[in-house]
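Okay, structure first, notes after.
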Amino acid sequence: MGKADNEAIKLFRNNVFFADVFTYMFWKNGVNVVVDPNDLYDMDGKQIVDVVNGRSVLQVQRERDVVKLWRLTVDNESVEIPLILGLELQDYIHYALPVKVMMYDALTYAEQVGKASSSDTRVDLSDEKGVVIVDPNEFLSGFPKDRALVPPITVTLYLGDEQWDAPLSINAMWNPIFNKIPDLRDKMLQNYNCFFINPYEIDDSELQQFKTQISSTLLMLKYRRQKQKLLDSIGDGPLILCDDVMYFLRVHGYSTIKITKGGTDVCQAIRELTDEASAMSLAKAAVSCMKFFGISEEIAFKGVGIPEDQWDMYRELVEQVRAEQEDT
C-alpha cells in the first residue's frame, strides 16, 4: 500500500467525512436519508471466505479500503436496521470496476453465511424419542432458514487525475451484440451498477451538497491541474482545511503546498505557489533571451517585463535556472 493509499484511508476512516460521502450518494440517488457519524462502527476490511470445490477448499481473500457498520434507526428510533457500508478509494482507472465491486459485495454475503455455518449450534428437537437431530436442510445449506443477512452498500470515490472512461455497470462490459436482443438482455441477464463519485463530473455548485471539508477536498482534486481556476472558484477566502485533509492533498496533486499545523489557509498557500511559478517562468524567459540574443540581464529583464525594483530578486532566480540547466 502506497503513501497515497494510506493518507486516503486515514482521512476517510473519520466517521464525519465517511458519513458525508454516503449522505451525498443517497441524495444523488433520491434517497432522503442522512448518515449520522455516531451510528457508524469500524469493521475489519479483510474478507476471508472458504470456497468449497469438491474435496478441496479454496480460500478467497480481499481487503476493502474502509468498511463500517451503520445502525440506521427508523420508526422514531424504535427499530434499528444494520447495513454494511464500504468505501473504495480508486486512484487509477479500473476497466473491470463493476466486477471488482460485485465481488466485494458477494464476499460480504459469503462471509456472513460462512460465519453463520461455523457458529450456529441450533438443532431440531422434534424427534419423538428425544434424539437431537440437526435440521438436514439447514445443515446442507450451511445457513439457518430464519437468519437474516446484512446487506452491503459500496461507494467508489475516484481520486485519480485522468479522465475516467471505464464502465460503471456490468451490462456496459457486455458485447454490444446483446443490444440486438433487448428482451433477453434486460429481462434475463443480471446487471450490477456501481455507485461512483467522480469529482471531475460534479458541478462546483453540487459539491456544496457535501457538508464537511470533503466539499473543498473534492474541489481541489477537480482543479489540481488548474490552480488559477481553483482560486477563482474558491473566491477571496480564507479557506482553512484540517491537517488530515492537507496530508491527503499533499499526495494528490499538491506536493509543494506548505502545511500550517492546526489549519492551513489553502487560498493563501496556492496564491504563493502561483506567484512563485509565474516568477520562475519570467526568469526562464529572461535566461532564454540572454542566450539567444546575447544580451545583458538588464535588457533581458526589460524585454520580458520585469519591473526594475524586482531585478535583485530575479537575479537569484536566474542563477537557479542556470544551475538547473547545467545539471541537465
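Scan (1) part of a helix (DSSP H, G or I); (2) modelled with pLDDT of 80 or more; (3) out of contact with any Gly (no Cβ under 7 Å at 6 or more places or on another chain) for the single condition CYS289 breaks and write down its number.
Here CYS289 meets the rest and fails (3).
When the residues of the range 1-11 are narrowed to those that are touching a strand residue (DSSP E or B) at 6+ places or on another chain (Cβ under 8 Å) and closer than 17 Å to GLY253 by Cβ, which ends up modelled with the highest pLDDT?
ALA8
Quickly run through the range 169-214 and pick out the residues that are out of contact with any Phe, Trp or Tyr (no Cβ under 9 Å at 6 or more places or on another chain) and either at positive phi or among the small types (Gly, Ala, Ser) (or both).
Those that are out of contact with any Phe, Trp or Tyr (no Cβ under 9 Å at 6 or more places or on another chain) and either at positive phi or among the small types (Gly, Ala, Ser) (or both): ALA172, SER205.
Determine, yes or no, whether ALA269 is surrounded by 13 or more Cβ atoms within 10 Å (Cβ to Cβ), in contact (Cβ under 8 Å) with a residue 24 or more places away in the chain and out of contact with any Cys (no Cβ under 7 Å at 6 or more places or on another chain).
Considered against the rule, which asks whether it is surrounded by 13 or more Cβ atoms within 10 Å (Cβ to Cβ), in contact (Cβ under 8 Å) with a residue 24 or more places away in the chain and out of contact with any Cys (no Cβ under 7 Å at 6 or more places or on another chain), ALA269 comes out as no.
Only one residue in LEU231, LEU221 is closer than 16 Å to VAL21 by Cβ, of a type in the set (A, V, I, L, M, F, W, C) and touching a helix residue (DSSP H, G or I) at 6+ places or on another chain (Cβ under 9 Å). Which one?
The unique qualifying residue is LEU221.
For the structure I just gave you, tell me whether LEU219 is among the hydrophobic types (A, V, I, L, M, F, W, C) and at pLDDT 80 or above.
yes
Can you list residue pairs whose Cβ atoms sit under 6 Å apart, with the first residue in the range 241-252 being in the same structural domain as ILE270 (by TED's automatic domain parsing) and closer than 15 Å to ARG13 by Cβ and the second being β-branched (Val, Ile, Thr) and surrounded by 20 or more Cβ atoms within 10 Å (Cβ to Cβ)? Count only pairs 6 or more apart in sequence or on different chains.
Taking only residues 6 or more apart or on different chains, the pairs are VAL245/THR217.
(1) exposed (fewer than 14 other Cβ atoms within 10 Å of the Cβ); (2) touching a Leu at 6+ places or on another chain (Cβ under 7 Å); (3) assigned to a helix (DSSP H, G or I): which one isn't true of MET220, the others all being true?
(1)
For the range 173-198, what are the residues that are surrounded by fewer than 13 Cβ atoms within 10 Å (Cβ to Cβ), of a type outside the set (D, E, K, R) and over 28 Å from GLY45 (Cα atoms)?
The answer is ASN175, PRO176, ILE177, ASN179, ILE181, PRO182, LEU184, MET188, LEU189.
Might you check whether a residue that is within 22 Å of the chain's Cα centre (by Cα) and loosely packed, with under 11 Cβ neighbours inside 10 Å occurs anywhere in the range 163-171?
Yes, because at least one residue in the range 163-171 is within 22 Å of the chain's Cα centre (by Cα) and loosely packed, with under 11 Cβ neighbours inside 10 Å.
The values are calculated or read from the model by the stated rules, or taken from the named source; none is laboratory data. Please read all numbers here as calculations on a predicted model, not as lab measurements. Counting neighbours? That spans all protein chains shown, and the Cβs are built from the backbone with ideal geometry, glycine included.
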